[in-house]
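Each remark here refers to the structure printed beneath this line.
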Amino acid sequence: MKIVVSGTGYVGLVTAVCLSEVGHTVTCVDVVKEKIDMLNEGKSPIFEPGLEELMQKNKDKLTYTLNGKLAYKDADVIFIGVGTPEKKDGSANLKYVYEVAKEIAENIENNAIIVIKSTVPIGTNKKIEKYIRDNLKHDVKIEIVSNPEFLSQGTAVRDTLHAQRIVLGVNTKHAEEIMKRVYDGFNLPYVITNRESAEMIKYASNDFLALKISYINEIANLCEIVGANVEDVAKGMGMDSRIGNKFLQAGIGYGGSCFPKDTKALNWLANFNDYELKTIKAAIEVNTNQKLKLLKKARKYYDSLEGLNVAVLGLTFKPNTDDLREAPSLENIPILLDDGANIKAYDPVGEKRFKKIYPTEIKYCKTLEETLENADICFIFTEWDFVKNMDISMYEKLMRVPIVLDGRNCYSLESFENTNIVYDSIGRKTINQNKIAKDIAKN
Ligand code: UDX
């Protein structure tokens, strides 16, 4: 079976590499030359733990090319795993999916199954099927299968090889059988349904998780007001198996390439169909506010941020990725800069991409020490291990005013009890709030 995967981003490349791991020979297609060059040198263009090792291990089964025309020509199964970014109105931009669909239609010479892995609005699989059939240049049969992806960045390889389910939206028994042959080596449970339901499973799953996060974030905000501790609350809730203990970690909101875009896209789709999706609208609104929570906290300590030395720990939207999409750092840093703060940031993995957006406006540090030295306040945006495992006495030793605003609840409250560090986290009481007199900080 000749398998081709179009798109070498998180979804496409991880899918291709995992398919090779279970024995398939896979051709990866992309339109970006630098990516294909890197892949041909054995390097992954994305930071994803374990991926490069698996690429190496299966290098005889993987080919990378810019030549989609040739790759699609005699393919049996073609996966489309290109991006569907957000448009200004919140809807999904299907430009790249259609570009690939066109190239497939114009070049396939074999009957083929075309699998849409990209997250696409409900009804897209059907439209793509018609589009490809209308543009075919040869007399071949095609079928479209919806096969959404549930991998998380940072754990993408494990999430794919040990997925909890494989969702297949199919129109025919034939397509189902071929897809089961593709996934035979994974030995995972299937959910077989129609294509609209498969498309909806993806949005409904992502949006439910986003809603769950926004829910615990609202509870956290209320915990701070009424003196409860959100971690204990989440623990108590999570032990109820009907609720489950995952995705109950309060913080400064969800970011990344999926939750923000997929909540907005489903909300857009509902509006377009004259339906108001109240829960998802609320999740989006809560998340927008939550991302600025640390700034609000900072203003409790300082009337003005002008001239303050701000230490920033973590720039990426979550640990173990270099992805900055919708990261809270990107919401906060422009405001801090506007307010006249001097920013020093530390994120060895996220730095490179952040520098492209802010090349000179902030100082990128090489060590935690350098970042914290003389800081008047510290913002933690990402729960990287280097933050969680650092010696917290560094805050006291190095900062001019040791105020730590932790957007990801990286530490236990107890660890700050015998220190002079003001530790202000999410949904928990602030430790040592009164130790640093407000007027000292406001100096
Ligand atoms: C997500 C989904 O988990 C995955 O199934 C889908 O295919 C793509 O979108 P990803 O964006 O890689 O994956 O990361 P995830 O680990 O889900 O985290 C998303 C955001 O939610 C991060 O900003 C994270 O910090 C935040 N989050 C997650 C919380 O704030 N609290 C939690 O309890 C969990």
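Beta bridges per DSSP, both residues in region 293-442: antiparallel share near 5 percent. Within the chain, the ratio Rg/Rh, alpha carbon atoms throughout and Rh by Kirkwood, equals 1.02.
By the Kirkwood approach, averaging reciprocal distances over each pair of separate Cα atoms, region 312-443 gets a hydrodynamic radius of 15.0 Å. Note on region 110-242: with neighbouring protein chains present and a 1.4 Å probe, carbon and sulfur make up 52 percent of its accessible heavy-atom surface. DSSP beta bridges fully contained in the chain are about 5 percent antiparallel. The packing ranking, built from the mean of other Cβ atoms within 10 Å per residue, places the peptides 184-195, 262-273, 141-152 in the order 141-152, 262-273, 184-195, highest first.
Each Lys and Arg contributes +1 and each Asp and Glu -1, all at the Cβ; summed about the Cα centre of region 293-442, the dipole is approximately 240 debye. I'd like the carbon and sulfur percentage of the solvent accessible area for region 260-399, probe radius 1.4 Å, heavy atoms only, ligands and nucleic acids excluded. Its accessible area is 50 percent carbon and sulfur atoms. Note on K180: lysines with a C-alpha under 18 Å away, same-chain residues under 8 apart excluded, are K2, K117. Against the criterion of solvent-accessible heavy-atom surface with a 1.4 angstrom probe, T367, T321 sort, most first, into T367, T321. The sum of -39500 (n - 2.57) across all DSSP H runs of n ≥ 4, divided by the residue count of the chain, sets its helix-only mean residue ellipticity at 222 nm to -12500 deg cm²/dmol.
Would you mind classifying region 61-165 by shape? Square roots of the alpha carbon gyration tensor eigenvalues, ordered a ≥ b ≥ c; an a/c under 1.5 is rounded, otherwise it is prolate if a/b is larger than b/c and oblate if not.
Note, shape of region 61-165 comes out oblate.
Let me know the shape class of region 3-193, please: from the alpha-carbon gyration tensor, a ≥ b ≥ c as square roots of the eigenvalues, rounded when a/c is under 1.5, otherwise prolate if a/b is greater than b/c, or oblate. It comes out rounded by the Cα gyration axes. Between the residues N418, F247, F317, the greatest Cα displacement towards the positive end of the dipole of the chain, with unit charges on the Cβ of Lys, Arg, Asp and Glu, is found for F247. Accessible surface comparison of F317, F416, probe 1.4 Å, protein chains only, largest first: the order is F317, F416. Probing with 1.4 Å while keeping every protein chain in the model, the per residue accessible area of the chain equals 46 Å². Using only the alpha-carbon atoms of region 202-290 as identical scatterers, what base-10 log of I(q)/I(0) does the Debye formula give at q = 0.17, 0.22 Å⁻¹? Debye intensities relative to I(0), on a log10 scale: -0.71, -1.04.
For the set H138, H162, H174, H24, solvent exposure ranked by accessible area (probe 1.4 Å, protein chains only) runs largest to smallest as H162, H174, H138, H24.
The values are calculated or read from the model by the stated rules, or taken from the named source; none is laboratory data. What you are looking at is a predicted structure, and each value in this text was computed from that prediction instead of being measured. Don't worry about glycine lacking a Cβ; one is built from the backbone with ideal geometry, like all the others, and counts go over all protein chains shown. Accessible surface is based on the protein model in full, side chains and every heavy atom, while ligands, DNA and RNA are left aside. Shrake-Rupley method; radii C 1.70, N 1.55, O 1.52, S 1.80 Å.
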